[in-house]
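Worksheet: one structure, shown below.
No value in this document is a laboratory result; all are computed from the given coordinates. Fair warning: this is a prediction, and the values are worked out from it, not measured in the lab. Cβ placement follows ideal geometry from the backbone for every residue including glycine, while neighbour counts extend to all protein chains displayed.
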Amino acid sequence: MKVMFDLNIVLDVVQRREPHYRLSAAALSAVVPGDPQGVFPCHGVTTVHYLVSHYADNSRANELVDWLSSRFEIGTAGRQEFIRARGLPLADFEDAVVCAVAEACGCDGIVTRNLGDFAGSPVRALSPEEFLMDLKGFGQDG
């Protein structure tokens, strides 16, 4: 199983946002062994770095980028993904880019808390809880 992680899942953990922290952390932790394979969008890396460097410091932001890069495939967006995103029936362009990158990377799902924002996505949106339940169905320890 290969899944894209939406930015909100990482921010739940980094910022310890309740009541979402526990499930988002469990979902992220489930990909550390590499099965399932996790993907994070390249624009999410820059956004996380920017936010963390401003509310913490640059060193902490760099550590987070290193952690993400060591555990997740970084899904890139180029011309084709932006064109595809513009053609998707989603209200938010950033969400459409996540979908287009997930599709280009061959993801089976997008883990997000904003399921409604991904209505019309070509890749199935899953809550962290649904993702963890799917893993259990595949015999994972999730």
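Data for the structure
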| item | result |
| --- | --- |
| Relative contact order %, the stretch 2-136, counting alpha carbon pairs below 8 Å whose residues are six or more apart | 28 |
| Within the chain: Cβ-based charge dipole about Cα centre, in debye rounded to nearest 20 (Lys, Arg +1; Asp, Glu -1) | 100 |
| Principal axes of the chain: Cα extent on each, largest first, Å | 38, 36, 26 |
| Difference of contour (0.36 nm per residue) and Cα-Cα distance, PHE93 to ASN62 | 8.5 nm |
| Relative packing of 82-92, 67-77, which averages over residues the other C-beta atoms within 10 Å, highest first | 67-77, 82-92 |
| Distance between modelled label sites at ARG124 and ASP108, nm, 7 Å Cα→Cβ extension | 0.8 |
| Sum of -39500 (n - 2.57) over DSSP H runs of 4+, divided by residues of the chain (222 nm, nearest 500) | -16500 deg cm²/dmol |
